[in-house]
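Novice: Quick one: the structure is below, and I'll ask about it shortly.
The values are calculated or read from the model by the stated rules, or taken from the named source; none is laboratory data. Computed from a prediction, not measured in an experiment: that's the story for all the values here. Cβ sites come from the backbone with ideal geometry, for glycine too, and all protein chains shown count toward neighbours. The protein model used for the area step is the full one, side chains on, heavy atoms only, and it has no ligands, DNA or RNA in it. Shrake-Rupley method; radii C 1.70, N 1.55, O 1.52, S 1.80 Å.
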Amino acid sequence: MTDAPETQQTQATDAPQVQQWDEKITPGRFENKTVIVTGAGAGIGRATALRIAREGGNVIACDISADRLADLEKEATELAITTVAGDVSDDGDVAKIVDAAGERIDGLANVAGIMDDFSPVHDVKDDIWDAVLRVNLTGVMKLTRAVVTVMLPQKAGNVVNAGSEAGLRGSAAGAAYTASKHALNGLTKNSAFMYAEEGLRFNAVCPGGVATSIEVNFGSEFAAARLPKYFSLVPGLPSTAQQQAALIAYLLSDDSTNISGAIIASDGGWAGV
């Protein structure tokens, strides 16, 4: 699946300053559970796959890049991680991912996503719009649809969607990315309502600044003149991918048993600006 780790408009640097935080693993929290994680080749997806596997889970780690998945395998030689290269917007690849999980799927973390070029609607190009909506929304729907079909007979299952600060406001990205992440929140809420009596839970995490190696470039002079002064108002330091993974893992676990339909800002206070 296409994966650009969620940079959330943080310009890359050689040594970005980040929040200080020590990850604390909860042993056995995902014992006997199978969880699919998309975008697992890098960034938040990779951190989520590793977190769940270290907590005893059987992880199906998916990414469009076979090379990135090979690197993950080298890091996780003693963990229960099965890698699947594919595109979540492709029906054949979706079937391959679900088949790799086996007869039971306990969780799905939809982390794979791509960024736009910050273009507002009068500048947005068709190829950017189509690609962003295809991966960030249609791909999520397709894989979720397939996974829910497996979860329904189980009467149990958790889905966590990686949203964005751009799903909470209009000043964090371009028209395509903002539209995709607002729509993702709607898909999350609708699913939480529809399956509330079937034992399935759906939540979304909306990261703010996250330190990754991805550089964000403006494709619109109009946006470049409009947005940066608002980015300067973002409070605090960027988070790490591991911090975001900790929240995703919590929502996928039984520790969050009464949480469904939540759209949770994980942005260091940006939502309060």
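Novice: Answer yes or no as to whether F218 is aromatic (F, W, Y) and in a loop (DSSP other than H, G, I, E, B). Step through it out loud before you land on a result.
Specialist: Working: aromatic (F, W, Y): yes; in a loop (DSSP other than H, G, I, E, B): yes.
Spelling it out, F218 is indeed aromatic (F, W, Y) and in a loop (DSSP other than H, G, I, E, B).
Novice: Report whether or not V210 is among the β-branched types (V, I, T), open to solvent by less than 40 Å² (accessible area, probe 1.4 Å) and in contact with a Leu (Cβ under 8 Å, 6 or more places away or on another chain). Steps first, answer last, please.
Specialist: On the way: among the β-branched types (V, I, T): yes; open to solvent by less than 40 Å² (accessible area, probe 1.4 Å): yes; in contact with a Leu (Cβ under 8 Å, 6 or more places away or on another chain): no.
Spelling it out, it is not the case that V210 is among the β-branched types (V, I, T), open to solvent by less than 40 Å² (accessible area, probe 1.4 Å) and in contact with a Leu (Cβ under 8 Å, 6 or more places away or on another chain).
Novice: Identify, from the list D123, D93, D127, D116, the residue that is under 19 Å from C206 (Cβ atoms) and of a type in the set (D, E).
Specialist: Details: D123 fails: under 19 Å from C206 (Cβ atoms); D93 fails: under 19 Å from C206 (Cβ atoms); D127 fails: under 19 Å from C206 (Cβ atoms).
Criteria check complete, one pass: D116.
Novice: Further, regarding this structure: Here's a check for you: in segment 147-177, which residue that is without any contact (Cβ under 8 Å) to a residue 60 or more places away in the chain and buried (at least 21 other Cβ atoms within 10 Å of the Cβ) is nearest to V135 (Cα to Cα)?
Specialist: Filtering first and then ranking leaves N161.
Novice: Now, a different point. Output yes when any residue across segment 187-197 is open to solvent by less than 20 Å² (accessible area, probe 1.4 Å), in a strand (DSSP E or B) and in contact (Cβ under 8 Å) with a residue 12 or more places away in the chain, and no when none is.
Specialist: Residues of segment 187-197 that are open to solvent by less than 20 Å² (accessible area, probe 1.4 Å), as a first pass: 188, 191-192.
Next, only the ones that are in a strand (DSSP E or B) stay: none.
No - not one qualifying residue is present in segment 187-197.
Novice: Go through (1) modelled with pLDDT of 95 or more; (2) farther than 28 Å from S171 by Cβ for G45 and report which single condition fails.
Specialist: (2)
Novice: Listed residues V132, V205; which is closer than 29 Å to S232 by Cβ, part of a helix (DSSP H, G or I) and touching a Ser or Thr at 6+ places or on another chain (Cβ under 7 Å)?
Specialist: Numbers: V205 fails: part of a helix (DSSP H, G or I).
On inspection, the qualifying residue turns out to be V132.
Novice: Can you pull out the residues in segment 54-66 that are within 17 Å of the chain's Cα centre (by Cα) and open to solvent by less than 10 Å² (accessible area, probe 1.4 Å)? Before you say what the answer is, go through the steps one by one.
Specialist: Start the filter on segment 54-66 by keeping residues that are within 17 Å of the chain's Cα centre (by Cα), which leaves 59-65.
Answer for segment 54-66, where residues must be within 17 Å of the chain's Cα centre (by Cα) and open to solvent by less than 10 Å² (accessible area, probe 1.4 Å): V59, I60, A61, C62, D63.
Novice: Show the residue pairs that are 6+ apart or on different chains and have beta-carbon atoms under 6 Å apart, the first residue being within segment 19-43 and open to solvent by 40 Å² or more (accessible area, probe 1.4 Å), the second being part of a strand (DSSP E or B).
Specialist: Sorted first by the residue in segment 19-43, then by its partner, the pairs are Q19/S239.
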